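Here's the structure, in structure tokens; my notes come after.
The values are calculated or read from the model by the stated rules, or taken from the named source; none is laboratory data. Keep in mind that what you see is a predicted model, and the values were worked out from it rather than measured. Cβ placement follows ideal geometry from the backbone for every residue including glycine, while neighbour counts extend to all protein chains displayed. All accessible areas refer to the heavy atoms of the entire protein, side chains included, with ligands and DNA or RNA removed. Shrake-Rupley method; radii C 1.70, N 1.55, O 1.52, S 1.80 Å.
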Amino acid sequence: MLEPIPYTDAKLRHILSTVRTIALVGASANWNRPSYFVMKYLQGKGYRVIPVNPGLAGKDLLGERVYASLRDIPEPIDMVEVFRASDAVPPVVDDAIAIGAKVVWMQLGVRHDDAAARAEAAGLDVVMNRCPKIEFGRLGGELSWSGVNSGIIRNRPPQPPTDRARKPRPLPAAVDGGYGFETRAVHAGAAPDAATGARSTPIYQTTAYVFDDVDHAASLFNLHNFGYIYSRLTNPTVAVLEERVASLESGRAAVASASGHAAQFLTFATLLEPGDEFLASRNLYGGSLTQFGLSFKKLGWTCHFVDPLDPENFRRALTPKCKAIFVESLANPGGIIVDLAAIAEVAHAAGLPLIVDNTLATPYLCRPFEWGADIVTHSTTKFLGGHGNAMGGIVVESGKFDWAQGGKFPSMTEPEPAYHGLRFYENFGDFAFTTKARAVALRDYGPSMAPMNAFLTITGIETLPLRMERHCANAQAVAEFLAAHPRVAWVSYAGLENNPYHALARKYLPNGAGAVFTFGVKGGYEAGIRLVESVGLFSHLANIGDTRSLILHPASTTHRQLTDEQRLAAGAGPDVIRLSIGLETAADLIADLDQALVRA
Ligand SMILES: *Cc1c(COP(=O)(O)O)cnc(C)c1O
């Protein structure tokens, strides 16, 4: 896969809204080839599409006669769309210039800079390495179906690019110029409702969606068209959440799930075959240690746990069957920060994607894609939702990983038997991973997010920047108080200057070291239990990322199922207390811990 070329939305929109007749060079009669998808989709959008393919010349394809070459077409052509290998492009461009086409558009994966320069010198517009179906769907707001980050912010209901029947409207504002994080936290993915103008995202509490006709239904099931079928796969409320998180992570696309663990399951179900292996940091959320170490084993997937503190440990642990490396950006519960850039380098040198669980940091504090990560997962149950009232998870892809390298990812590149032999990477390019996670793993295993939970999570995200600022300020104040307390043995908060991760925190989490951290209470296991039973404002429960401050003694709760050795390795020894600092008055939190520590 080639690096995407950053065309402006204005240029693509201009092309798609001015051309009417498209010659499609390399048209296929095979319904699951990308050229067939694109031809059928563009016809459905009102374009005249004339197929060109010498092997099919004279035959009929989707109601149009096929021509052997561009020069044989007896009518004027606005745009030539090239579905050929890059080295076959120059003669097609010569023909396009000769027949007076105005645009040459090369499909995803097709690029020829010299031919493009020749076309531009002859006055043609050129687009390379893009799919017109995807760009049309994105600019028209249709692609929200698939959680794609459109880069568009809307204060009016969406209007497709070629819908000229309606009164022209100003173009939606594009993020090409770069909207800020706070703006995207409020707006990305959402638009006023097309039917009612409702400004807050409606809760589409429906399981299914009416088809226009049988042909429309077939094109949706074949993934030829973007649209809603059934809420196990896609739902308009959930789609807003998907695009919003994709935007905040600066990713390409996202797929939401019922919980954070479901997001991890969808990720690995999409990547791995039975017998495959992966590496994971041993400093993970306790539930992830059991998911990876025990339950995944039953599916034939083996996880090797690695001490993440030296990134070279990952290189040493690689095996020929390894398909990914998984870490948490800010590890739960130890407050450990890993060197994302160094671990990404190890992963990429081995041709593997780096998967980062960014739950504790949230994209407000850390954006793993900026450091080389390829996939980000979240438990949206935590800080993204932020109010302790909705379970959820999400998988985001950067769109930059080359799934074709080394033949390691047949599930992305080879025909998918669960989808009539479709090749996902070839058809969906830089959002193939989340499309496959949705169309196969989510479809077949079913851990979908409920629309109500998506609504609560979207609403939570609107205040994410404000909340994270206060979470971090409160956490810093509480950590400083604890560090000076006589009943406290140690405090592990990377915001403290003497913390071993302080330097990494300044690099990877410059806006604050998060709100979840641990400390050691003098007196060990028994004192830990007395402490969690003596608090009067903190809530004793197994969650994090709530507006309310939470306290937990991992050794007697979340990390109970682990062996002593695993507990110590995961930073959950007998004296460890975990806090998730909420949004209350800092002095009240400090006073509560002070009185409880005296009793512990
Ligand atoms: C909570 C959590 C998970 C699991 O998410 P659920 O929504 O509880 O399934 C995964 N990773 C981290 C870091 C978490 O804190």
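Taking into account only those residues within segment 510-537 that are out of contact with any Cys (no Cβ under 9 Å at 6 or more places or on another chain) and on the phi > 0 side of the Ramachandran plot, which is modelled with the lowest pLDDT? Selected residue: Gly524.
Residue count for segment 335-356 under the criterion of being open to solvent by 10 Å² or more (accessible area, probe 1.4 Å) and within 13 Å of the ligand (Cβ to nearest atom): the result is 1. Only one of the listed residues (Glu469, Glu497) is away from the ligand (no atom under 16 Å from the Cβ) and free of Cβ contacts under 8 Å to residues at least 40 places away in the same chain. That residue is Glu497.
Take Leu289 and decide whether it is crowded, with 19+ Cβ neighbours inside 10 Å and at pLDDT below 95. It is true that Leu289 is crowded, with 19+ Cβ neighbours inside 10 Å and at pLDDT below 95. For segment 271-288, the count of residues that are within 11 Å of the ligand (Cβ to nearest atom), among the polar types (S, T, N, Q) and assigned to a loop (DSSP other than H, G, I, E, B) is at least one.
If I filter segment 532-556 down to residues being crowded, with 16+ Cβ neighbours inside 10 Å and of a type in the set (Ser, Thr, Tyr), which single residue comes out as farthest from the ligand (Cβ to nearest atom)? So, considering only residues that are crowded, with 16+ Cβ neighbours inside 10 Å and of a type in the set (Ser, Thr, Tyr), the one farthest from the ligand (Cβ to nearest atom) is Ser534. In segment 248-259, of all residues being of a type in the set (Gly, Ala, Ser) and either more than 11 Å from the ligand (Cβ to nearest atom) or open to solvent by less than 10 Å² (accessible area, probe 1.4 Å) (or both), the one that is nearest to Ile458 (Cα to Cα) corresponds to Ala256. Yes or no: Gly520 open to solvent by less than 10 Å² (accessible area, probe 1.4 Å), in contact with a Phe, Trp or Tyr (Cβ under 9 Å, 6 or more places away or on another chain) and within 16 Å of the ligand (Cβ to nearest atom)? No. Figure legend. Inter-residue proximity from segment 404-427: first residues open to solvent by less than 30 Å² (accessible area, probe 1.4 Å), second residues at pLDDT 90 or above and among the basic types (Lys, Arg), beta-carbon distance below 6 Å, spacing 6+ or different chains. Indicated pairs: Phe424/Lys436. Among residues of segment 528-539 being out of contact with any His (no Cβ under 8 Å at 6 or more places or on another chain) and outside any loop (DSSP other than H, G, I, E, B), the one that is nearest to Phe383 (Cα to Cα) is Ser539. You will find that of Ala569, Ala591, the residue that is under 30 Å from the mean Cα position of the chain (by Cα) and open to solvent by 10 Å² or more (accessible area, probe 1.4 Å) is Ala569 and no other. Going by what's in this entry, would Ala27 be described as within 36 Å of the chain's Cα centre (by Cα), modelled with pLDDT of 95 or more and of a type outside the set (Phe, Trp, Tyr)? Against the criterion (within 36 Å of the chain's Cα centre (by Cα), modelled with pLDDT of 95 or more and of a type outside the set (Phe, Trp, Tyr)), Ala27 qualifies. Of the residues that make up segment 443-455, is at least one touching a Phe, Trp or Tyr at 6+ places or on another chain (Cβ under 7 Å), of a type in the set (A, V, I, L, M, F, W, C) and open to solvent by less than 10 Å² (accessible area, probe 1.4 Å)? No; the residues of segment 443-455 include none that is touching a Phe, Trp or Tyr at 6+ places or on another chain (Cβ under 7 Å), of a type in the set (A, V, I, L, M, F, W, C) and open to solvent by less than 10 Å² (accessible area, probe 1.4 Å).
Every condition in (1) open to solvent by less than 10 Å² (accessible area, probe 1.4 Å); (2) within 27 Å of Leu496 (Cβ to Cβ); (3) in contact with a strand residue (DSSP E or B) (Cβ under 8 Å, 6 or more places away or on another chain) is met by Ile325 except one, and the failing one is (2).
Here Val238 passes the criteria (1) open to solvent by 40 Å² or more (accessible area, probe 1.4 Å); (2) of a type in the set (A, V, I, L, M, F, W, C); (3) within 16 Å of the ligand (Cβ to nearest atom) except the one numbered (1). Inside segment 386-415, residues that are at positive phi and away from the ligand (no atom under 16 Å from the Cβ) make up a count of 3. Within segment 362-379, residues that are closer than 17 Å to Ala269 by Cβ and assigned by TED's automatic domain parsing to the domain that holds Phe326 reach no partner that is at pLDDT below 95 and part of a helix (DSSP H, G or I) with beta carbons closer than 8 Å at six or more positions or on different chains. Output the residues belonging to segment 362-385 that are more than 13 Å from the ligand (Cβ to nearest atom) and β-branched (Val, Ile, Thr). Hit for segment 362-385 is Ile375, nothing else.
Considered as a group, the residues in segment 363-380 that are touching a Gly at 6+ places or on another chain (Cβ under 8 Å) and open to solvent by less than 10 Å² (accessible area, probe 1.4 Å) include one that is nearest to Leu496 (Cα to Cα), and that residue is Leu365.
From the list Thr237, Thr319, the lone residue that is over 20 Å from the mean Cα position of the chain (by Cα), among the hydroxyl-bearing types (Ser, Thr, Tyr) and either assigned by TED's automatic domain parsing to the domain that holds Pro447 or under 28 Å from Arg567 (Cα atoms) (or both) is Thr319. Run Ala479 past the list (1) small (Gly, Ala, Ser); (2) open to solvent by less than 10 Å² (accessible area, probe 1.4 Å); (3) under 25 Å from Val38 (Cβ atoms) and report the number of the one that doesn't hold. Here Ala479 meets the rest and fails (3).
In this structure, is Ala572 of a type in the set (A, V, I, L, M), assigned to a helix (DSSP H, G or I) and not assigned by TED's automatic domain parsing to the domain that holds Gly293? In short, no.
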